[in-house]
Amino acid sequence: MFRGHFEHAIDAKGRTSLPARFRDVLEAPEGQIALILTPALFDPCLHCYPLRAWEELEAKIAALPQFEPNVVAFRRKYLSAAVECELDKQGRILVPPSLREHADLHKEVLWAGMGATAELWSKERWKAAQTMSEAELASFKAAIAEQFRL
């Protein structure tokens, strides 16, 4: 499972280190580490999947109705933008320009563990996404209490 927040730099070429704890999650039996990056649909960040989890998601999507408009749109926006990334010897991945642009990745980035997946954010946008007004916080508390029956 991906857990925790980790701040890293991203260089001008788009290389950033994958947190060591995340590398452990991604370790493949043959030693090669691969992950899939794709733009989040509703947030200014990237989703990061272990290759096996991505393949499972692709199989589920392949079983959906081929011509249903929302399925087609989802495939175009999420699947077609996905990029397989491998780690270099320094434990870095190269984030393609189109994905860096989507998430506004410059200089400081933040990896957020989300359980089975991870997210890659610009540090600045992560902070903004965590900010809630008092009304938003009250609504959030009520929704969480309802969802988890707290």
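Pick out the one residue from Ala28, Ala82, Ala20 that is at pLDDT 95 or above and of a type in the set (Gly, Ala, Ser).
Working: Ala28 fails: at pLDDT 95 or above; Ala20 fails: at pLDDT 95 or above.
Every option except Ala82 fails the conditions.
When you look at Ala116, is it more than 18 Å from Phe2 (Cβ to Cβ) and at pLDDT 90 or above, yes or no? Judged against the criteria, Ala116 is not a match. Farther than 12 Å from Cys48 by Cβ and in contact with a helix residue (DSSP H, G or I) (Cβ under 6 Å, 6 or more places away or on another chain): does that describe Glu108? Yes.
On the stretch given as segment 111-141, residues that are open to solvent by less than 70 Å² (accessible area, probe 1.4 Å) and closer than 15 Å to Tyr49 by Cα total 10.
A quick yes/no check of all residues on (1) without any contact (Cβ under 8 Å) to a residue 60 or more places away in the chain; (2) under 13 Å from Ala40 (Cβ atoms):
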{"position": "Phe74", "(1), (2)": "yes, yes"}
{"position": "Tyr78", "(1), (2)": "yes, yes"}
{"position": "Glu86", "(1), (2)": "yes, no"}
{"position": "Ile93", "(1), (2)": "no, no"}
{"position": "Pro96", "(1), (2)": "no, no"}
{"position": "Leu99", "(1), (2)": "no, yes"}
{"position": "Leu105", "(1), (2)": "no, yes"}
{"position": "Leu110", "(1), (2)": "no, no"}
{"position": "Gly115", "(1), (2)": "no, no"}
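For the residues Lys13, Lys60, the requirement of being closer than 13 Å to Ile93 by Cβ and open to solvent by 80 Å² or more (accessible area, probe 1.4 Å) singles out Lys13.
Identify all residues within segment 78-109 that are surrounded by fewer than 19 Cβ atoms within 10 Å (Cβ to Cβ), over 16 Å from Ile33 (Cα atoms) and of a type in the set (A, V, I, L, M); write none if there are none. Within segment 78-109, Leu79, Ala81, Ala82 qualify.
The values are calculated or read from the model by the stated rules, or taken from the named source; none is laboratory data. These numbers were taken from a predicted model, which means no experiment stands behind them. Glycine gets a Cβ as well: all are built from the backbone with ideal geometry, and neighbour counts include every protein chain shown. Heavy atoms of the whole protein, side chains included, go into the accessibility calculation; ligands, DNA and RNA do not. Shrake-Rupley method; radii C 1.70, N 1.55, O 1.52, S 1.80 Å.
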